[in-house]
Amino acid sequence: LLEFAFGKLGEKVPEGACRKVPANSKVGWSIHYYPDGNAVPNDQVSVGIWYHDDEDEFVEEESYRQDLRSYNLSSGGDYLIPPHGKLMTQGFHSFDHPVRIDSWQPHLHLRGVAMSMEIYDPNIGRREMLSQASNWNAGWNHSHTYEDGYQPLIPANTTIILTA
């Protein structure tokens, strides 16, 4: 469905779009806290789901499956950053079909500094900055939703470049 993080207030899917969850699916939780050695007493986690109305028109053939795990910058590894140390990492993902980007969410935990999202279009050989978050603050850890009419339209075979 989506991920949730400290500072994030939730997410709405744009008009005409949806996140499809097959029947009998399970919601998976991966709840983690910054390891300070202390328990988190009386913590509560909840989820809200809005269901698709039967009268809404959804055409399966016009949908694309997106596996958001594909965009992981860490490639599943751990980083060892010494005190006052620095690390830069990049992730790349290409689509074989056109894509509209409705929002983006920098995700840097507490020690991150900045994150950017660029695209590289091999058809014209151009690289373009789409969004950037500088002077990171973990309290800003939410999705930045593009206004209607301003969502980037990404041609097929374009590569998204995430840098943190």
Take Tyr120 and tell me if it is in a loop (DSSP other than H, G, I, E, B) and either surrounded by 13 or more Cβ atoms within 10 Å (Cβ to Cβ) or modelled with pLDDT of 90 or more (or both). no
Mind listing whichever residues of the range 123-152 are in a strand (DSSP E or B) and touching a residue at least 12 places away in the same chain (Cβ under 8 Å)? Arg127, Met129, Leu130, Ser131, Gln132, Ala133, His144, Thr145
Within the range 73-98, residues being closer than 23 Å to Ser143 by Cβ and in contact with a Phe, Trp or Tyr (Cβ under 8 Å, 6 or more places away or on another chain) number 4
Is at least one residue of the range 22-41 touching a Gly at 6+ places or on another chain (Cβ under 9 Å), at pLDDT below 70 and part of a loop (DSSP other than H, G, I, E, B)? no
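The values are calculated or read from the model by the stated rules, or taken from the named source; none is laboratory data. Computed from a prediction, not measured in an experiment: that's the story for all the values here. Cβ atoms come from the backbone with ideal geometry, glycine included; neighbour counts cover every protein chain shown.
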